[in-house]
Amino acid sequence: MEPPIAIHLPVNVRAQIKRVKYRPGLGAYPVPHAVCELIPYPDAPMVSQQFSHVGFYLQLLEIKAAAEIYIKFDVLYPATFLTFMFKGAIDFYDEGDHRISQAMAGTFYLSYNGVVSYEARLKKGLHQLLIVTFSEKALLPAKADFPQFDELLRCLVAGRKAPLILPYCLIGQTVRNYLDRMLHYTAEDALERGAGILVLLTKCLKFYHKLLENNHYIITHLEEADARRLLDFLQANYHTESVNRLSSMAEALQLTGWQVRKLAKKYLDKPVHQLVIELRMNRAATLLKETTTPIRSIALMVGYDNEAYFSTAFNKFYHTNPTTYRKAVK
């Protein structure tokens, strides 16, 4: 596979990159047979180890930041990333200065990213992370085995620009064992080595999927922020077609449908469709009480293009029809 990420480097820094046969003292995780580069990034020297195989591209980055730094990089083609954060923490921001994910020490997560530019923001200290990119040919044939990844894989096939971040999980002992075996895989034959590492990476992916199925993911302040974004989106768009399909809401919020359902249930106490109905009916009741707007127009204003359908929904919610309600509250 070709490298999926390109870090923005000043010309003078690019000219000073050194390839070494063995990792230097800064590197804590040697990857046998990987290409190792020393990158003299200003205030943040890096060690980058890369290993490519037909089914994946592996890059282990170790960054020693002398101060808070911002590093820009490009995603070169639509790809899925399985990210393991060993030490430190990195916040990832898009071109609109919106934080899209936060890699935290001791966690791993799966994401999809289209062709776009990002900025990684790091605090002072040592940051160590492993980024694994899987090829479509490696992931898509196994789609049936990963129902929790269904929406992410649809994004990959469509080449969508907007990112999609799945929940963060703790790197437990099982995953550590897989990683230790992978990072120290010493088979001399390149095909055997690549195939062996791919097997271990697939085990990590399957274990991550199992954690999601069992709801064994961690809650972060980003999730709470996503719940607020969901509520804001519903309040601003309850009367539009964008709330009629879960997939449309998820795409607008750069989440998965699964995440939207979970956020609504956990933080807003209701399924999404009930929240939409509640917002529509509350607004309709206000308009019936405070205005003389025709009922047909009110139906359109709150998201119904059919007056009869609106009346049925209103009656189900308030146990009376719109005309009777208007007369009672006037």
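The values are calculated or read from the model by the stated rules, or taken from the named source; none is laboratory data. Please read all numbers here as calculations on a predicted model, not as lab measurements. FYI the Cβ positions are ideal-geometry reconstructions off the backbone, even for glycines, and counts take in every protein chain you see. Remember, those area values only see protein heavy atoms, side chains included, never the ligands or the DNA or RNA. Shrake-Rupley method; radii C 1.70, N 1.55, O 1.52, S 1.80 Å.
A few comments on the model shown:
- A Förster distance of 35 Å, applied to the separation of the beta-carbon atoms of GLN50 and ALA225, puts the FRET efficiency at 0.60.
- Within the accessible area of segment 107-191 (1.4 Å probe), percent carbon and sulfur: 55 percent
- Relative pair counts by distance (%), Cα atoms of the chain, 10 Å bins: 5, 22, 28, 19, 11, 8, 5, 2, 0
- Between ARG296, ARG121, ARG99, the Gaussian network model of the chain with springs among Cα atoms under 10 angstrom shows the greatest mean-square fluctuation at ARG296.
- Label-point separation in nm, GLU192 to TYR70, each point 7 Å along Cα→Cβ: 4.9 nm
- Segment 1-98: Cα Rg divided by the 2.2 N^0.38 Å rule of thumb: 1.10
- Gyration tensor (Cα) of segment 206-288, equivalent ellipsoid semi-axes in angstrom: 27, 12, 11
- Size of segment 26-160 as Cα extents on the principal axes (Å, biggest first): 45, 38, 26
- Reducing segment 190-241 and segment 285-330 to their Cα centroids gives an inter-centroid distance of 40 Å.
- Cα convex hull of segment 251-315 - mean projected area over all directions, nm²: 5.3 nm²
- Label point at HIS8 placed 7 Å out along Cα→Cβ; residues across segment 55-72 whose backbone nitrogen lies under 16 Å: 69-72
- Mean accessible surface per residue for the chain, computed with a 1.4 Å probe while every protein chain stays in place, in Å²: 50 Å²
- Ordering of 249-256, 67-74, 42-49 by burial proxy (mean other Cβ atoms within 10 Å per residue, highest first): 249-256, 42-49, 67-74
- Relative contact order (%) - criterion: Cα under 8 Å, at least six apart; region: the chain: 13 percent
- Dividing the summed -39500 (n - 2.57) terms of all DSSP H runs of n ≥ 4 by the residue count of the chain sets its mean residue ellipticity at 222 nm at -12500 deg cm²/dmol.
- Measuring how big segment 167-314 is from its alpha-carbon positions, Rg and Dmax come out at 23.5, 81 Å.
- Inter-site label distance for PHE317 and ARG176 at 7 Å from Cα along Cβ, in nm: 5.2 nm
- Carbon + sulfur, % of accessible area of segment 255-330 - ligands and nucleic acids excluded, 1.4 Å: 51 percent
- In summary, segment 80-230 shows an alpha-carbon radius of gyration equal to 1.07 times the 2.2 N^0.38 Å reference for compact globular proteins.
- Within a Gaussian network of the chain (alpha carbon springs, distance under 10 Å), most fluctuating of PHE84, PHE108, PHE149: PHE149
- Label zone at VAL116, where the point sits 7 Å out along the Cα-to-Cβ direction: segment 225-255 residues whose backbone N lies under 14 Å: 250-255
- Efficiency of FRET from Cβ geometry, LYS21 and ILE218, R₀ 41 Å, rounded to 0.05: 0.60
- Shown in residue order for segment 167-184 are the 3J(HN,Hα) couplings computed by the Karplus curve 6.51 cos²θ - 1.76 cosθ + 1.60 at θ = phi - 60°: x, 7, 10, 6, 7, x, 5, 4, 5, 4, 5, 4, 5, 4, 5, 5, 6, 10 Hz (x for Gly and Pro).
- Segment HIS98-VAL199, extension gain: residue separation times 0.36 nm, minus the distance between their alpha carbons: 32.8 nm
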